[in-house]
Amino acid sequence: MRVHIVTYGCQMNEYDTHLVASELVSLGAQMVNTIEDADFVLVNTCAVRGKPVEKVKSLLGKLKKEKERRGLRIGMMGCLAQLEEGQEIAKRFDVDVLLGPGALTQIEKALAADSKFWDLAFHEELNRVVAPPPAGALSAYVPIIRGCNHRCTYCVVPRTRGGVEVSRPPELILEEIERLKAAGVVEVTLLGQNVNSYGNDRPEYPSFAELLRMVGELGIPRVRFLTSHPVNFTEDIVRAIAETPAITRYIHLPVQSGSDRILRRMAREYRRADYLRRIETIRDYLPDAVLSTDIIVGFPGETEEDFEATLSLYDEVGFDHAYMFIYSARPGTPAAEHFEDLPREVKVERLKRLIEKQKAWSLEKNRAWVGKEVEVLIRGDAKETGFAEGHDRGNHPVLVPGDQAPRPGLYRVRITEASPHLLFGEVTEVLHAPAPREAVA
């Protein structure tokens with residue numbers, strides 16, 4: 001069987017794709033690079049917003065035509081597969097295999113089943129799987145917790161990835177990272193819907209702060225984590241980051257809104273003042289921290305005053321970067337069922353204003369790096385001809401001349417120019433560049 005996997009969505013989906021690909025290879029499958037070369041195409045889906053769902057439907061429409069033409073087999077996995085919406089989409093486009101994000105270890109049974117649909121429930125055994133290192137990679141993801149105990153009114157995650165947080169055994173996390181280190185990985189990102197809650201469900205496990213210290217002692221040069229919830233981002237976590245050199249000073253802390261009224265409607269358990277206290281703690285311990293956030297624009301009921309509160313919060317914090325989204329009603333969420341959506345033109349106009357503010361702050365923050373030297377993990381060729389691309393320890397995208405970084409690896413780079421979204425630099429030292437570029441995933 002020749003298999004091609006198309007992945008949409010978050011870093012957890014990227015890890016899940018790697019995990020399922022490893023399972024398929026162990027069953028004798030051959031992974032191929034294009035749909036045209038495949039007998040079986042597996043689509044790893046995202047359901048957080050409407051746009052990625054539309055992308056999935058568009059792709060499935062094309063795959064259905066391929067199936068009718070040459071007998072292609074189609075699979076769908078990921079968050080959308082867990083929802084009734086996704087199951088209806090699967091029937092509409094004649095999907096053969098449907099696999100929820102908690103049943104990834106069941107891919108062999110799903111392929112062999114007479115029914116098109118397989119068990120979508122969460123399986124504890126998933127947290128005990130130690131995936132093999134991705135071939136040739138310098139950067140890798142490691143999940144540490146699955147599910148989410150929070151009940152934000154806009155979010156489908158509790159319905160797609162589990163409404164109860166389940167921490168992964170610490171010994172398996174450390175074992176997987178040790179294997180990655182032995183395989184040459186120099187950057188590990190710890191993953192979870194809410195990484196800060198790690199260990200809360202298992203008193204015998206270390207806390208997230210303690211886990212950070214343990215991972216930091218393994219010898220991996222760079223350790224990051226995603227994603228955090230402000231309620232659970234406690235001072236002991238900040239201290240662990242400050243006292244563990246391997247942990248990067250990049251902190252992504254989603255705020256979603258600067259208005260207490262909207263935060264209440266979202267069922268976010270903190271308020272503006274609580275969030276700002278978290279930022280103050282971070283600044284006290286980590287004055288050089290790079291801060292990013294998520295913001296939802298145009299949540300149902302958001303007034304101009306509410307939106308102005310978000311703009312003023314942005315100025316008060318001075319984020320280095322933000323991921324900004326127009327509110328997208330998701331079927332089955334409390335917000336979609338009980339709140340009336342705002343007109344799209346209102347949401348678009350507000351998003352444009354927020355983007356302009358974000359550009360101004362990002363440009364100011366990025367210009368402060370000009371003249372400084374940073375450590376950059378180069379991944380490979382950039383879209384811009386003649387450049388190689390990578391990111392520094394603050395997660396800034398960095399471009400350098402391609403002839404100065406002919407192979408992926410760690411480089412010391414002097415920043416020479418900045419835009420709102422990119423840093424440009426020149427290589428001053430090769431720190432670690434072990435592998436041919438084409439071998440790096």
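A short reminder: the numbers here are calculations on the coordinates, not readings from a lab. If you're wondering where the values come from, they're calculated on a predicted model, not measured in any experiment. A quick note on method: Cβ atoms are made from the backbone with ideal geometry, for glycine too, and the neighbour counts reach across all protein chains shown.
A few remarks follow.
- Think of each Lys and Arg Cβ as +1 and each Asp and Glu Cβ as -1; about the Cα centre, that makes the dipole of the chain roughly 740 debye.
- Label-to-label distance, Val130 versus Tyr323, with points set 7 angstrom from Cα along the beta-carbon direction: 2.9 nm.
- Under Karplus coefficients 6.51, -1.76 and 1.60, residue-wise ³J(HN,Hα) of the range 84-96 in Hz, glycine/proline x: 4, 3, x, 5, 5, 4, 4, 5, 4, 9, 6, 6, 8
- Residues with amide H under 5 Å from that of Glu417, placed H, sequence gap 5 or more: Phe424
- Label reach from Arg69 (point 7 Å along Cα→C-beta): in the range 1-43, amide nitrogens under 19 Å belong to 2-6, 32-43.
- Phi angles across the range 235-244 convert, under the Karplus curve 6.51 cos²θ - 1.76 cosθ + 1.60 with θ = phi - 60°, into 3J(HN,Hα) values of 4, 5, 5, 4, 4, 4, 5, 5, 9, 10 Hz, Gly and Pro given as x.
- Considering all C-alpha pairs of the range 328-367, those separated by over 14 Å amount to 62%.
- The range 211-242 residues near the modelled His432 label - backbone nitrogen below 14 Å, point 7 Å along Cα→Cβ: 216-224
- Values of log10 I(q)/I(0) for the range 169-220 across q = 0.26, 0.27, 0.32 Å⁻¹ run -1.08, -1.14, -1.38, by the Debye formula with one identical scatterer at each alpha carbon and no solvent.
- Simple rule: put +1 on each Lys or Arg Cβ and -1 on each Asp or Glu Cβ in the chain, find the dipole, and look at Leu253, Ile173, Val48; the Cα lying farthest toward the positive end is Val48.
- Debye-sum result for the range 2-124 in log10 I(q)/I(0), which assumes one identical scatterer on each alpha carbon, at q = 0.10, 0.15 Å⁻¹: -0.25, -0.59
- Scattering curve values for the range 127-367, log₁₀ I(q)/I(0), Debye with Cα scatterers, q = 0.08, 0.11, 0.18 Å⁻¹: -0.33, -0.62, -1.37
- Relative packing of 70-79, 20-29, which averages over residues the other C-beta atoms within 10 Å, highest first: 70-79, 20-29
- Quick note on the range 354-441: its Rg to Rh ratio, both from C-alpha atoms and Rh being the Kirkwood radius, is 1.00.
- Dipole moment magnitude, nearest 20 debye, the range 127-367 about Cα centre, only Lys, Arg, Asp, Glu C-beta charged: 480 debye
- Highest mean packing first, where packing is the average number of other Cβ atoms within 10 Å per residue, the peptides 143-149, 37-43, 285-291 line up as 143-149, 37-43, 285-291.
- Unit charges at the beta carbon, dipole of the chain: most positive-side option, Met266, Leu59, Gly394: Leu59
- Mean projected area of the Cα convex hull of the range 230-280, taken over all directions, amounts to 3.6 nm².
- Calculated [222 nm] ellipticity per residue, helices only, for the chain: -10500 deg cm²/dmol; basis is -39500 (n - 2.57) per DSSP H run with n ≥ 4, divided by all residues, nearest 500.
- Bins of 10 Å, starting at 0 and running to the largest distance - Cα pair percent for the chain: 4, 19, 29, 29, 16, 2, 0
- In range of the label at Glu373: residues from the range 230-258 whose backbone nitrogen is under 14 Å from the point 7 Å along Cα→Cβ: none
- Other-chain or far-sequence residues with amide H under 5 Å of Tyr250's (modelled H): Val290
- Reachable lysines from Lys65, criterion Cα separation under 21 angstrom, eight or more residues apart if same chain: Lys55, Lys57, Lys91, Lys116
- The HN-Hα couplings worked out from phi for the range 285-293 by the Karplus form 6.51 cos²θ - 1.76 cosθ + 1.60 (θ = phi - 60°) are 8, 10, x, 9, 5, 9, 10, 10, 8 Hz, whole numbers, x standing for Gly and Pro.
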